[in-house]
1. Restricting things to alpha carbons, tell me how big the stretch 87-141 is in terms of Rg and Dmax, in Å.
2. Amide H to amide H under 5 Å from Ser134: which residues, 5+ apart in sequence or cross-chain, H placed 1.01 Å off N in plane?
3. Could you give the nm distance between label points at Arg91 and Met42, where each point is 7 Å from its Cα heading toward the beta carbon?
4. Ranking request for peptides 2-10, 96-104: highest mean number of other beta-carbon atoms within 10 Å first, then the rest in descending order.
5. Using the Karplus curve 6.51 cos²θ - 1.76 cosθ + 1.60 with θ = phi - 60°, what ³J(HN,Hα) values do you get for each residue of the stretch 40-53, in whole Hz, with x for Gly and Pro?
Amino acid sequence: MKAIVVGAGIAGLVAARQLGSAGWDVELVEKSPGPRPDGYMMDFFGPGLQAAERIGLYPRLAAVTYQVEAVDYVDGKGRRTCSLDYNQFARLAGGKILSLLRPDMERAALAALDDVAPGRVRISYGAQVSRVWSDHDGVRVTVEACRRPPSPRTSWWAPMASTQRCGRSSSAPKTGTCAPWACVRPRSP
Ligand SMILES: Cc1cc2nc3c(=O)[nH]c(=O)nc-3n(C[C@H](O)[C@H](O)[C@H](O)COP(=O)(O)OP(=O)(O)OC[C@H]3O[C@@H](n4cnc5c(N)ncnc54)[C@H](O)[C@@H]3O)c2cc1C
């Protein structure tokens, strides 16, 4: 079976890994020139975390997690206006929670493609899917290179009517980071 996954974000990478592990040949197409460095702090818990455990991704995610003590909300001058106790938040979330930067999570999912047999998943960065359509015997996808000068168009064909997209605690805590609206305070060593 052949699949084309559009987008090598967290969902696309994990979908490609799972399909590749199940024996599919996967073309993963991402319009960015490489893994995206942009991102923010994410809290990962509940069904998403359970799924990560079930498919064996948890250790890779736990390896890039942050130890967060609190989230402080600040005003324009950086003064704390209120604070969220993270231990309390973690308890409300069932006790198991990972605080991760989006790009770290993406890199972990990219590294997890090593779990798949070589050649099963092929990634094309700098390539954009511009058209998806189906006919009686499959799904057709037009992919265009995003680089300049533009390269010729390529059309891929998946003989199956399905295009599918699914989803560090190093012992030493990492330092804090700033999300657009709040500062994440690392736990004291
Ligand atoms: C500020 C903020 C805080 C968040 N906090 C949390 C949180 O605490 N917990 C949580 O679970 N979630 C959180 N989220 C949501 C979470 O970040 C997203 O749900 C998740 O990152 C989406 O991943 P994705 O792979 O589905 O999509 P994306 O990361 O958007 O990936 C899609 C990829 O597809 C590529 N692409 C798009 N179109 C094409 C095309 N035509 N051809 C080729 N490539 C294409 C894009 O370049 C991109 O790389 C937060 C989101 C934001 C913005």
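1. 18.7, 54
2. Long-range HN contacts for Ser134: Arg140.
3. My value for the distance between the label points is 2.8 nm.
4. Listed from highest to lowest mean packing, they are 2-10, 96-104.
5. After applying 6.51 cos²θ - 1.76 cosθ + 1.60, I find 7, 7, 10, 9, 10, 7, x, x, x, 5, 4, 5, 4, 5 Hz.
Where a number appears in this text, it was derived from the coordinates with a stated rule and is not lab data. Here the structure is a predicted model, which is why all the values come from computation and not from measurement. So basically every Cβ, Gly included, is an ideal-geometry build from the backbone, and we count neighbours across all protein chains shown.
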